[in-house]
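**Q** Below is a structure I'd like to ask you about.
Read-outs: derived from the displayed coordinates by stated rules, not from any lab. A quick note: this is a predicted structure, and the numbers were derived from the prediction, not measured. Glycine gets a Cβ as well: all are built from the backbone with ideal geometry, and neighbour counts include every protein chain shown.
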């Protein structure tokens, strides 16, 4: 019973095995990919392990406080940002092994040629709430 | 004026009502759905029109819901047979039913998270939404988790006795989840364990109840107003719940008197020794180490050995604690935190600060990480001689 973030990157992850950018896939391949992701999420809802899935636009910006009474400073987007998060899925599972198993399945989503992408996904455990018994 | 509906009282009737339906021949999954519907109906109707006999009301409504739900099914004939055989609801089998339900919901074929969810719903009478909120998952996810769990146990004989230890593990998991959402899971775990203790005579059930009461008694003192953790030694002991401590100690003493020691009784004994100390300095660490020795014997758990090293450090000095720690694998969760604490006590503040920072990086939750980071920061910013 622990939550894990399965993080997908536009950039910053090691290269996938089937490393063809999406715009070079056929429309059918893209549909198959999207269907795979939807089915995966639906299946996890069925197993009682799904928490959340979201995709992010690549255009982001940096924002910071600039002092009392001043508007925040906005910078970017930076085309060259090395690490760019594309989206995530959050799962609630019984073990670390299960989180790894699910990330493996997600990474098998089909890409160019209908072959699995073998994309690298970042798997990050949540910091949970403090347990009632500690000492 | 009608008094506000006591939801906890209402939910305490759940296992008995469910037991009656299952005993009349309803399958568990359908019976459980029917009882949930009856609970929702009770919440709606009772405030304006409280029944004379709440349990009988729930049985009647749940049974009717069950029949309605099965009416469309091919099971019509079977249902009609059931109606004719319908036994009178009586208190005689209530105890057995409640116990059977605990065993079923903690059945070894269930994963821990499924057993927890099913226990909270079928025994605890919580709604799927409440359980989902408590575990911070979507309601649809929790609904699936519960219905899968019900399918998993659908073939299990309802009245077969199980292993109390599996039930206790589930209740302990619920207790440890603490508080999130609108349900106090620790309080719910205490309620369910108390209810279990009323129907089964087992020293470890009493041990777990005592452990929960003693830990829960210190709960408000464990957190500062800003949400940060307050370690045991620094807690304001006047804020401890003395009624809960008194009850916990009494429950524990009665259990220990039966001379069938188990893990939860030993843990409760340690909690009782902490609760019994008027100040942190007056803690009987020698006796605590003895209880940890018992726990090591009972569980052989590395986590217990780690906690024992802390106790040894208090009883025999930080050097002895570090010696005990040296025998343990340093990849254990909280190993660095214990090492930091012992080095600090031994006066090696440089090492302690480094280890606190390392422990913070490996902390499993936010409150603990912040606490350890503060410890490291306090040592790093201390005035140097």
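**Q** Helix B:335-345 sits at what angle to the longest principal axis of chain B, using alpha carbons and giving 0 to 90 degrees rounded to 10?
**A** 40 degrees
**Q** Here's another thing I want to ask about it. Describe numerically, in nm with one decimal, the distance between label points set 7 Å from Cα along Cα→Cβ at residue B:277 and at residue B:332.
**A** Spacing of the two 7 Å Cα→Cβ label points: 1.9 nm.
**Q** Further question on the same structure: Rank A:69, A:104, A:48 by mean-square fluctuation in a GNM of chain A with C-alpha springs under 10 angstrom and give only the top-ranked residue.
**A** Highest fluctuation of the listed residues: A:69.
**Q** Once every Cα of region A:21-110 carries one equal point scatterer and solvent is ignored, give the base-10 log of I(q)/I(0) from the Debye formula at q = 0.13, 0.15, 0.19 Å⁻¹, two decimals.
**A** Rounded to two decimals, the profile gives -0.65, -0.78, -0.98.
**Q** Oh, and also: If we restrict to alpha carbons, what Rg and Dmax does region B:284-385 come to, in Å?
**A** Cα-based Rg and Dmax for region B:284-385 come out at 13.9, 47 Å.
**Q** What's the angle, to the nearest 10 degrees (0 to 90), between helix B:185-199's Cα axis and the longest principal axis of chain B?
**A** 60 degrees
**Q** Right, something else. For region B:154-296, what is the largest minus smallest coordinate of the Cα atoms on each principal axis, given in angstrom and ordered from greatest to least?
**A** 52, 39, 26
**Q** Now for a separate question. Express the Stokes-Einstein translational diffusion coefficient of chain B in µm² s⁻¹, to the nearest whole number, given a Kirkwood radius over alpha-carbon pairs, 10 °C and a viscosity of 1.306 mPa s.
**A** In µm²/s, the coefficient rounds to 68.
**Q** Rounded to a whole number, what is D in µm²/s for region A:31-84 from Stokes-Einstein with the Kirkwood radius over alpha-carbon pairs (4 °C, 1.567 mPa s)?
**A** 88 µm²/s
**Q** Can you compute the equivalent ellipsoid semi-axes for the protein assembly as shown, i.e. the square root of 5 times each eigenvalue of the Cα gyration tensor, sorted largest first and rounded to whole Å?
**A** 42, 38, 21
**Q** At q = 0.17, 0.21, 0.33 Å⁻¹, work out log10 I(q)/I(0) for region A:67-112 with the Debye formula, treating every Cα as an identical point scatterer and leaving solvent out; two decimals please.
**A** Listed by q, the Debye log ratios stand at -0.75, -0.87, -1.18.
**Q** Also, quick follow-up: Cut-off is 10 Å between beta-carbons; in what order do B:348, B:259, A:38 appear when sorted fewest neighbours first?
**A** The most exposed by this proxy come first: B:259, A:38, B:348.
**Q** Average partner chain C-beta neighbours within 10 Å, per residue of B:132-142?
**A** The mean count of partner-chain Cβ atoms within 10 Å per residue comes to 4.
**Q** Among B:152, B:141, B:166, which one shows the highest mean-square fluctuation when chain B is modelled as a Gaussian network with alpha-carbon springs under 10 Å?
**A** Highest fluctuation of the listed residues: B:141.
**Q** Right, here's the next one. Is there a simple number for the mean count of other chain Cβ atoms within 10 Å of the Cβ of residues in A:46-55, and what is it?
**A** 5
**Q** Run lengths n ≥ 4 of DSSP H only: what is the helix-derived mean residue ellipticity at 222 nm for chain B, with -39500 (n - 2.57) per run over all residues, to the nearest 500?
**A** Result for chain B, helices only: -20500 deg cm²/dmol.
**Q** Can you give me the distance in nm between label points at residue A:68 and residue A:41, each placed 7 Å from the Cα along the Cα-to-Cβ direction?
**A** Taking the simple label geometry, residue A:68 and residue A:41 are separated by 4.5 nm.
**Q** Does region A:19-60 classify as rounded, prolate or oblate by the C-alpha gyration tensor (a ≥ b ≥ c root eigenvalues; a/c under 1.5 gives rounded; else a/b over b/c gives prolate, otherwise oblate)?
**A** oblate
**Q** Using the alpha-carbon atoms, what tilt in degrees (0 to 90, nearest 10) does helix B:285-299 show relative to the longest principal axis of chain B?
**A** Roughly 50 degrees between the two axes.
**Q** Sort A:43, B:55, B:384 so the one with the fewest other Cβ atoms within 10 Å of its own Cβ comes first.
**A** If I rank by nearby Cβ atoms, fewest first, I get B:384, A:43, B:55.
**Q** Tell me what chain A gives for mean residue ellipticity at 222 nm when only DSSP H runs of n ≥ 4 count, each as -39,500 (n - 2.57), the sum divided by the residue total, rounded to 500 deg cm²/dmol.
**A** Mean residue ellipticity, 222 nm, calculated: -8000 deg cm²/dmol.
**Q** Who wins for biggest fluctuation among B:63, B:240, B:46 in a Gaussian network model of chain B, springs between alpha carbons below 10 Å?
**A** Greatest mean-square fluctuation among the candidates belongs to B:46.
**Q** Determine, for B:22, A:91, B:45, the number of other Cβ atoms within 10 Å of each Cβ, and report the residues in order from fewest to most.
**A** Ranking B:22, A:91, B:45 by Cβ neighbours within 10 Å, fewest first, gives B:45, B:22, A:91.
**Q** Mean separation of Cα pairs under 8 Å and 6+ residues apart, divided by the residue count of chain B: what relative contact order is that in percent?
**A** Relative contact order of chain B: 10 percent.
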